[in-house]
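> Dumping the structure here so I can ask a few things about it.
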Amino acid sequence: MSLGPFGLAFELIASGDPELMQIIGLSLRVTLTAVAIGCALGLPLGAALALARFPGRSVVVVVFNALMGLPPVVAGLAIYLLLSRSGPLGPLGLLFTPTAMVLAQTILILPIVISLTRSVIEVLWDEYQEQFRSLGSGRIRAVPTLLWDGRFSLLTGVLAGFGRASAEVGAILIVGGNIAGHTRTMTTAITLETSRGNLGLAVALGIILLGLTLSFNALAFGASGWARRVAG
C-alpha cells in the first residue's frame with residue numbers, strides 16, 4: 001500500500017532526508033541573516049525617522065509605509081538588474097548565490113522594521129520627552145534608551161520581518177535561480193516539487209516551514225512575557 005503525501009512527508013522528516021535537511025538549513029541561514037541585517041539597519045533608522053524633523057519627512061514616512069507592501073517580484077527584479085553582468089555590481093558575481101537572496105530579503109524586510117519602529121518610538125517619545133529634556137538629552141541621544149524601552153513592542157516588527165522573509169518566493173526565485181544544493185529554499189522547493197507532483201517533499205517542507213514559524217513566534221511570546229515579569 002503506497003503512502004499518501006502526508007505519509008511520505010512524515011517519513012522524510014523522521015528519516016532526516018539529506019535533501020530536506022539541506023533545503024531547511026539554507027533557508028534558515030538566508031532568512032536569519034536577512035532578518036539580522038534588516039534589524040541592525042532598520043531599528044536605528046526607524047528610531048531616527050521617528051525623532052528627526054526635516055523638510056519632506058512626511059513624504060519619507062509615506063514611502064516607507066508604502067514599501068511595506070512592496071511586491072517581491074519587483075524587489076527581485078531590482079536586485080537582479082543591480083547584480084546582473086551589465087549591472088553596477090555585476091563584476092562581484094553575486095547573482096544566483098545565497099548572498100543575492102539575503103540582499104533581496106533584506107530589501108523586503110527593511111521597510112517593515114523601519115515603519116513599525118518609527119511608530120513605536122514616536123509613541124514613546126511623546127510619553128517621555130519631558131523627562132529626556134529635563135535631563136538635557138536631545139532626540140538623537142534618546143534613541144538607544146527608547147529602543148531599549150520599546151524592545152517588547154519592537155519584537156513585533158522583528159517577527160513581521162521574519163514572516164515576510166520566510167514566506168518569500170518571487171524575489172529569491174529571480175535572484176537565486178532555485179539551483180538544487182545551492183540556492184533552493186523551502187518556499188522555492190515547495191513551488192517546484194508541487195509542480196512536479198512530488199507532493200511528499202512539498203508537504204514535508206510545508207510542515208517544517210509552518211512549524212518553524214509557530215516555534216519562533218511562541219518563543220518570542222514566551223521570552224517577552226518572561227522579560228516583562230522580570231522587569232516588573
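The values are calculated or read from the model by the stated rules, or taken from the named source; none is laboratory data. Given the structure is predicted, the values throughout are model-derived calculations rather than measurements. Every residue, glycine as well, gets a Cβ built from its backbone with ideal geometry; the counts of neighbours run over all protein chains shown. Heavy atoms of the whole protein, side chains included, go into the accessibility calculation; ligands, DNA and RNA do not. Shrake-Rupley method; radii C 1.70, N 1.55, O 1.52, S 1.80 Å.
> Restricted to region 116-144, and to residues that are closer than 25 Å to residue 32 by Cα and touching a residue at least 24 places away in the same chain (Cβ under 8 Å), which residue is surrounded by the fewest Cβ atoms within 10 Å (Cβ to Cβ)?
119
> When the residues of region 17-35 are filtered to those that are under 16 Å from residue 107 (Cα atoms) and of a type in the set (Val, Ile, Thr), which remaining residue is nearest to the chain's Cα centre (by Cα)?
Among residues in region 17-35 that are under 16 Å from residue 107 (Cα atoms) and of a type in the set (Val, Ile, Thr), the one nearest to the chain's Cα centre (by Cα) is 35.
> Also, I was wondering about something else. Checking the conditions here, which among 147, 154, 173, 159 is open to solvent by 60 Å² or more (accessible area, probe 1.4 Å), touching a residue at least 40 places away in the same chain (Cβ under 8 Å), under 25 Å from residue 41 (Cα atoms) and part of a helix (DSSP H, G or I)?
Sole residue among the options that is open to solvent by 60 Å² or more (accessible area, probe 1.4 Å), touching a residue at least 40 places away in the same chain (Cβ under 8 Å), under 25 Å from residue 41 (Cα atoms) and part of a helix (DSSP H, G or I): 173.
> Would you check which residues across region 66-97 are within 16 Å of the chain's Cα centre (by Cα), outside any loop (DSSP other than H, G, I, E, B) and over 10 Å from residue 174 (Cα atoms) and list them?
Once the filter is applied, which keeps residues that are within 16 Å of the chain's Cα centre (by Cα), outside any loop (DSSP other than H, G, I, E, B) and over 10 Å from residue 174 (Cα atoms), region 66-97 yields only 67.
> Sticking with this one: Within region 183-220, can you find the residues that are touching a residue at least 40 places away in the same chain (Cβ under 8 Å) and either assigned to a loop (DSSP other than H, G, I, E, B) or over 15 Å from residue 23 (Cα atoms) (or both)?
183, 184, 185, 199, 213, 216, 217, 220
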